[in-house]
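Trainee: Can you read through this structure? Questions will come right after.
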Amino acid sequence: MTAARVHGERCAPLYAVRVIDAAPSAWNLANVLTVLRIVLVPFFAWAMLVDGGHTVSGRLTATAIFVVAALTDRLDGWVARRSGQITDLGKLLDPIADKLLVGTALVLLSALGDLPWWVTVVILVRELGITAMRFFLLRYVVLPASRGGKLKTVLQSFAIGLYLLPLDELPAFVSVVAAVLMGAAVLVTVVTGLDYVRAAVRIRRAAVVPPGAGI
Ligand SMILES: O=P(O)(O)OC[C@H](O)CO
């Protein structure tokens, strides 16, 4: 029987996996929270850029919107697990919403000169690459977020949350904590990206092994 391991867990045979759950029940509370995160992105960008991007009030507003959006990420996962509302749509949409929010924040921070561009480029290359890979793998299976991927998003959110603050107005140690957290976020982002690539190779191999040959 042709099966694959995704994040170490054995999946149903690949030829029996539905590609995407298009049932109306996909629009549950968990997925609505995910969509809310996407809706908040333009409001966050507006707050970041208001009056040149370096006013204390603008940055505090942007930080508040970012925190609310990041909290919906924790909440949608919790709601989905607790109510059994885990859907293929949610598995696909949740990482996309995270990447939109995190990507927008990183690009704006670099454009405003608050974060080195290489940090933004490394994270974006990983995030866009894994998103593209997820879409490619849709023909076999919906690749859910791994534990490492979730940890990565938490680290990114904390690091970005600190960088969004008006750091010039705060004690120096806040900038140091922000830089250390961002370093850890970059490291976990790259390592988990490589883990996903390994998982994708396993899925692809399992998909081309004829039924009965095993993997
Ligand atoms: O590492 P990814 O691409 O699976 O993304 C993880 C999600 O953002 C976790 O909510």
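Trainee: Out of the range 151-176, which residues are hydrophobic (A, V, I, L, M, F, W, C), in a helix (DSSP H, G or I) and under 22 Å from Ser57 (Cα atoms)?
Mentor: Phe158, Ala159, Ile160, Leu162, Leu164, Leu167, Ala172, Phe173, Val174
Trainee: Restricting to the range 78-96, and then to whatever is of a type in the set (Gly, Ala, Ser) and out of contact with any Leu (no Cβ under 9 Å at 6 or more places or on another chain), can you tell me which residue is nearest to the ligand (Cβ to nearest atom)?
Mentor: Checked the range 78-96; the qualifying residue nearest to the ligand (Cβ to nearest atom) is Gly90.
Trainee: Restricting to the range 64-95, count the residues that are in a helix (DSSP H, G or I) and open to solvent by 60 Å² or more (accessible area, probe 1.4 Å).
Mentor: Adding up the residues that qualify gives 9.
Trainee: Of the residues that sit in the range 96-108 and are within 19 Å of Leu187 (Cβ to Cβ) and touching a residue at least 60 places away in the same chain (Cβ under 8 Å), which one is surrounded by the most Cβ atoms within 10 Å (Cβ to Cβ)?
Mentor: My answer is Ala105.
Trainee: Residue check, Leu165 against (1) open to solvent by less than 50 Å² (accessible area, probe 1.4 Å); (2) away from the ligand (no atom under 14 Å from the Cβ); (3) under 16 Å from the mean Cα position of the chain (by Cα); (4) hydrophobic (A, V, I, L, M, F, W, C), all met but one. Which one?
Mentor: (3)
Trainee: Tally up the residues in the range 34-59 that are open to solvent by 50 Å² or more (accessible area, probe 1.4 Å) and free of Cβ contacts under 8 Å to residues at least 40 places away in the same chain, please.
Mentor: Of the residues in that region, 8 qualify.
Trainee: Let me ask something additional. Filter the range 114-143 down to the residues that are open to solvent by 40 Å² or more (accessible area, probe 1.4 Å), over 24 Å from Leu167 (Cα atoms) and either modelled with pLDDT of 95 or more or within 14 Å of the ligand (Cβ to nearest atom) (or both) and list them by number.
Mentor: Once the filter is applied, which keeps residues that are open to solvent by 40 Å² or more (accessible area, probe 1.4 Å), over 24 Å from Leu167 (Cα atoms) and either modelled with pLDDT of 95 or more or within 14 Å of the ligand (Cβ to nearest atom) (or both), the range 114-143 yields Val125, Leu128, Ala132, Phe135, Phe136.
The values are calculated or read from the model by the stated rules, or taken from the named source; none is laboratory data. What you are looking at is a predicted structure, and each value in this text was computed from that prediction instead of being measured. All Cβ positions, glycine included, derive from the backbone under ideal geometry; neighbour counts span all protein chains shown. The accessibility values were calculated without ligands, DNA or RNA, using every heavy atom of the protein model including side chains. Shrake-Rupley method; radii C 1.70, N 1.55, O 1.52, S 1.80 Å.
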